[in-house]
Amino acid sequence: MFPFNDKAPRLSVDEARTRTGGERPEAVLLDVREKPEWKAGCAPNAVHAPLTGLAASAPPPAAARGRALVVICRSGHRSPQAAKLLVERGTDAVDVEGGMNAWAAAGHPVVDERGNSGSTA
């Protein structure tokens, strides 16, 4: 669905929102930021899996297993690493250019752990 290779284009935040939103999303938005960043604010319906855990061979959370993944971080530097790790493990994954900073700048919602307006930390 979203093959990842060194020459594959990254998704824009608008493409990421389209592919991971709606009633029947075609992919899961996987946020690979660390816990304090995640708690400050994330995209609604995103699933959390810190890059440090993935790098230590932790599996994706149950909600992300067996699904195409759109991987996002804060600024777009960690998500390509996470997507590459996941692809190497047989997961369909692609990353988001610009990360949560670009997501918020595009006017897409960011919520904190309580569902209130959040920040990208």
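The values are calculated or read from the model by the stated rules, or taken from the named source; none is laboratory data. Being a predicted model, the structure only gives us computed values, none of them experimental. Don't worry about glycine lacking a Cβ; one is built from the backbone with ideal geometry, like all the others, and counts go over all protein chains shown. Accessible surface areas use protein heavy atoms only, side chains included; no ligands, DNA or RNA. Shrake-Rupley method; radii C 1.70, N 1.55, O 1.52, S 1.80 Å.
Counting the residues of region 33-75 that are in contact with a Cys (Cβ under 9 Å, 6 or more places away or on another chain) and in contact (Cβ under 8 Å) with a residue 60 or more places away in the chain gives 2. For region 1-18, give me each residue that is open to solvent by less than 70 Å² (accessible area, probe 1.4 Å) and at pLDDT 90 or above. The answer is LEU11, SER12, VAL13, ALA16. Listed by first and then second residue, the pairs linking a residue in region 86-111 that is acidic (Asp, Glu) to a residue that is open to solvent by less than 10 Å² (accessible area, probe 1.4 Å) and in a strand (DSSP E or B), with Cβ atoms under 6 Å apart and 6 or more places separating them unless they lie on different chains, are ASP95/VAL71. Anything in region 48-68 that is in contact with a helix residue (DSSP H, G or I) (Cβ under 6 Å, 6 or more places away or on another chain), aliphatic (A, V, I, L, M) and within 27 Å of ALA106 (Cα to Cα)? List them, or say none. Result: LEU51, single match. Looking across region 87-119, the residues that are in contact with a Pro (Cβ under 9 Å, 6 or more places away or on another chain), open to solvent by 30 Å² or more (accessible area, probe 1.4 Å) and among the charged types (D, E, K, R) come down to ARG89, ASP92, GLU97. If only residues of region 68-121 that are part of a loop (DSSP other than H, G, I, E, B), modelled with pLDDT under 95 and basic (Lys, Arg) are counted, the one that is nearest to GLU37 (Cα to Cα) is ARG114. The residues listed here are GLU37, GLU23; of these, the one that is out of contact with any Leu (no Cβ under 6 Å at 6 or more places or on another chain) and part of a loop (DSSP other than H, G, I, E, B) is GLU23. When ASN45 is tested against (1) within 11 Å of the chain's Cα centre (by Cα); (2) open to solvent by less than 40 Å² (accessible area, probe 1.4 Å), exactly one condition is not met: (2).
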